[in-house]
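Here is the structure we will look at, set down as structure tokens.
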Amino acid sequence: MTLAGFGAFSMLPTSLISHALAGTSGNGRRLLFIFLRGGNDALNAVIPHGDAQYTSSIRPTLYVPPASAINLNGFASLHPSLSAMMPAYNAGELAVVHRVGYPGNSRSHFDGQRIWENGNPGEPYLFEGWLYRYIRENALSAGVNLPVLTAQGHAPLLVQGSERFVNIAAPGSFDYIFANPDEKAKASLLYRSQYAGLSGLETYRPILSQTGVKLVDSLDEYRSWSQSTWDPKDPDTGWSLFPVSAATNQAGFSTASFSFFANLKIAALALLESDGVNNNGTRIAGTELNGFDTHDNQGQVAGTQAQLLSWLAHGFKSLRIVLSGAAVDPRNYASIWQDTVVMTMSEFGRTTVENTAGGTDHAAAGCVFVSGGNVNGGVYNCDATTWPAGVMFGVRNRYLLQRTDYRSIFWDVLRNHMGADPLGADVVFPGYDASGLGGQELGLFGA
């Protein structure tokens, strides 16, 4: 561990996993997640203007009039701060899914985040991620230096399990602690020489991950990307797609956004550097965006939530440009947009009625965004046929009524995009088949 600087905390010794090397998954599909922590107010992100009960009387300082919002389907509208998502939506590559949640929501941040990440509402104290179980069952980590990469303050539960993966807490500091290039090279060779005589090295990777070999592999792979010199530009404006500093912030975002964009940039670069042909590279990447716990001064077309949504929307736009090969970028990465899905999650939505502090409180159902070149775009669960009168007050007369279980959305992503074994639903999401969750799937992929 002394070989690496800040950010390598997820590389602690781990127990062995029984079948991480059971096979390979060479379809080249990739997944990038963004957790909106704090509970995003879905009713002001995807606004049900077609519901006569959505009025300024229930949200006096938060209500967004139709003229200020972005019409999607004549019933639902996007918050104006999400305008950068519209190119993907207009191309049919953005699914806007409302009324998503799970049964028995306690409205606790801790329970909610764990359950969205562990995939089992019946086990709120299960500390194993559903995405980790998918990775394990599909052997995505077999022989790969960086199969999974997250970039945020702490490794998310979503990808935690018996085998640990790299979480980069500070993108600029994940490196050997030595400044001298010769010392870096020496450190890189130190562990390799001790295991050079092993035949079938990958068979022993779970064991070697408890030494320094996997850490060295990961560091060298990450260093080869030269992330600090990568600055792809928007082909329309010439601006940096990822504003991570004053010099790259032509769009004029708050400096508070820089860490989010830096993390998103690393996640995107990890997927671009992934080798889709030889199955050697990052298939899963992700980060988080904090600050959605808007109990007070949430804001209307401007304010706390609006600012966060503008960062999210810009991130979605930048990801689509750079992952589709459309960025002005001397590296000329090939397009992987058709093979990539970008999705959001948040532990719960917020109360239908505004509180006395100009904000909203913890509630239940929320919204999810799913984007990619192979996504069946459009609005789901927010039109006249799926949004009956009274649904905004459908739970305890103050919470939005859920229509789709989050597991149905994410299993659709795993099975129909990532290529998970169709028979593996109950492994990834315990009780999936018995609960009849397949009947709630929305058909986000395919014909």
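The values are calculated or read from the model by the stated rules, or taken from the named source; none is laboratory data. Quick caveat, the model's predicted, so the values are computed rather than measured. Note: ideal-geometry Cβ built from the backbone for every residue, glycine included; neighbour counts use all protein chains shown. When the accessible area is computed, the model is the full protein with side chains, heavy atoms only, and any ligands, DNA or RNA have been set aside. Shrake-Rupley method; radii C 1.70, N 1.55, O 1.52, S 1.80 Å.
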Heavy-atom accessible area of Val322 with all protein chains present, probe 1.4 Å, nearest 10 Å²? 10 Å²
Taking H placed 1.01 Å from N in the peptide plane, check which residues at least 5 places from Arg30 or on another chain put their amide H under 5 Å from its amide H. Thr340, Val341
Set the Förster radius R0 to 22 Å, insert the Cβ-Cβ distance between Asn71 and Thr385 as r into 1/(1 + (r/R0)^6), and round the FRET efficiency to 0.05. 0.80
Select from Gly92, Gly358, Gly104 the residue whose mean-square fluctuation is largest in a Gaussian network model of the chain (Cα-Cα springs shorter than 10 Å). Gly104
Let me know the Rg and Dmax you get for the range 361-447 when you use only its Cα atoms, in Å. 14.4, 40
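What's the extension gain from Asp236 to Leu189 if we count 0.36 nm per residue and subtract their Cα-Cα distance? Before the final figure, lay out the partial values.
Working: separation 47, 0.36 × 47 = 16.92 nm, distance 4.43 nm.
Value of the extension gain: 12.5 nm.
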Student exercise: in the chain, how many lysine pairs 8 or more apart or on different chains have Cα atoms under 27 Å apart? 7
Which one of Glu273, Glu117, Glu93 has the biggest mean-square fluctuation once the chain is modelled by GNM with Cα springs under 10 Å? Glu273
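Applying 1/(1 + (r/R0)^6) with R0 = 45 Å to the Cβ-Cβ distance of Ala179 and His109, what FRET efficiency is obtained, to the nearest 0.05? Could you put the intermediate results ahead of the total?
Details: r = 41 Å, r/R0 = 0.90.
So, using R0 = 45 Å, E works out to roughly 0.65.
Please find the FRET efficiency linking His295 to Gln53, where r is the Cβ-Cβ separation and R0 is fixed at 22 Å, and quote it to the nearest 0.05. It would help to have the intermediate numbers written out before the result.
Numbers: r = 22 Å, r/R0 = 1.01.
Once rounded, the FRET efficiency stands at 0.50.
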Please work out the average accessible area per residue across the chain, using the 1.4 Å probe convention, and give it in Å². 37 Å²
In a Gaussian network model over the chain where Cα atoms closer than 10 Å are linked, find which of Lys184, Lys317, Lys233 has the largest mean-square fluctuation. Lys184
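Using 0.36 nm times the number of residues separating Arg331 and Ser254, minus their current alpha carbon distance, what extension gain do you get? Walk me through the intermediate numbers first.
Working: separation 77, 0.36 × 77 = 27.72 nm, distance 2.81 nm.
Additional length available on full extension: 24.9 nm.
Could you tell me the convex hull volume per residue, in Å³, taken over the Cα atoms of the chain?
Values: hull volume 63.1 nm³, N = 447.
Cα-based convex hull of the chain, divided per residue, equals 141 Å³.
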D (Stokes-Einstein, µm²/s), Kirkwood Cα radius, the range 402-447, 1.567 mPa s at 4 °C: 123 µm²/s
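Over the chain, with every protein chain in place, what whole percent of the accessible area is carbon and sulfur at 1.4 Å, could you tell me? Intermediate results must be reported in sequence, preceding the final value.
On the way: 8830 of 16660 Å².
Whole-percent figure for carbon plus sulfur exposure: 53.
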Show that you can apply the helix-only estimate: for the chain, add -39,500 (n - 2.57) for every DSSP H stretch of four or more residues, divide by all residues, and state [θ] at 222 nm to the nearest 500. -7000 deg cm²/dmol
Report the full-extension gain for the segment Leu401 to Ser224: residue separation times 0.36 nm, less the Cα-Cα distance, to one decimal in nm. 58.9 nm
